[in-house]
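All of the numbers you see were taken from the coordinates with simple rules; none came from a lab. Values in this document were obtained by computation on a predicted structure and should not be read as measured data. Heads up, the Cβs are rebuilt from the backbone with ideal geometry, glycines too, and the neighbour counts pull from every protein chain shown.
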Amino acid sequence: MAAEDKKAPPPPKRQDDTPCEEGLPPWMATFADMMSLLLCFFVLLLSFAQQDANKFKTLMGSIKEAFGVQIKRKEASFAAFSPSEFERKDVELDKENKELLGMVLEVKNFVIQDPELKKTAKIATEDAGVVIRIPSYALFAPGSAKPLPDAASKTATVVRILRERNLDLVVRCHTSDEKAEEESLYPSNWELSSARAAAVLRLLIKEGDIPPSRMKAVGYADSQPLLPNNTDENRAINSRMEFYFHAPSVKSW
């Protein structure tokens, strides 16, 4: 009974009941450390978010949203861009870039509307103009400079652009490094590329009634390959027809 009558010990005092020393409460030290870490974290984020103005103007748009076209600039090599970035109000474009952008969008729109051309054509920018690239096999048989029967349908978009837009055209033909046969009508790639360019030019004039003064035909043979001529796939890409559109005021060859 004596053990039962013994009083239980008093409960321990809570920490809140402990009197604090003079000055700031102890939790303020932990809070200050946390605020310092957060400040350093956001300063680090800000440093990552800063962009170089020249690089921003050069690398307009992301690769994901890019057209697949490239712009050649003076201060850089080639830069991909998307029209959504150009349309931003905070991006300043000079007159030359605005005209080039408008030309790219127009040509791109024409190509998209042509299901036949959309399958094989590639679009790129070059200097002050736009280039539509078509593989040579889409227009010519191997070693031949006579357009295929359906070549007119594949160049119909080119005719439409010349009809509806005040642009001049340079028809450029490139070949791979494959040597022509000795008994061929075209003993070298220079003759073959020049003959093909002239044949396409005649086709455009015939189908679209385009003034010859607005067009030129040039053969480059295998002097300007896009890729090394070390595989059949690369040779097929290098053997191409190019339709280079530019403003009438721009001198080109």
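Tabulated data for the structure shown
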{"item": "Positive-end residue, region 169-212 charge dipole about Cα centroid, Cβ charges, pick of SER184, SER194, VAL171", "result": "VAL171"}
{"item": "Approximate spin-label separation TRP190-ASP150, in nm, with each point projected 7 Å along Cα-to-Cβ", "result": "3.5"}
{"item": "Region 159-217, Rg to Rh (Cα coordinates; Rh as Kirkwood inverse mean 1/r)", "result": "1.10"}
{"item": "Calculated P(r) tail over 21 Å for region 106-253, as whole % of Cα pairs", "result": "40"}
{"item": "Simple spin-label estimate for ASP33 and ASN109 in nanometres, 7 Å along Cα-Cβ", "result": "6.3"}
{"item": "Flagged links, alpha-carbon separation over 23 Å, of LYS118/LYS179; LYS122/LYS154; LYS122/LYS216; LYS179/LYS216; LYS146/LYS206", "result": "LYS118/LYS179; LYS179/LYS216"}
{"item": "FRET efficiency for ARG165 and THR231, using Cβ-Cβ distance with R0 set to 25 Å, rounded to 0.05", "result": "0.10"}
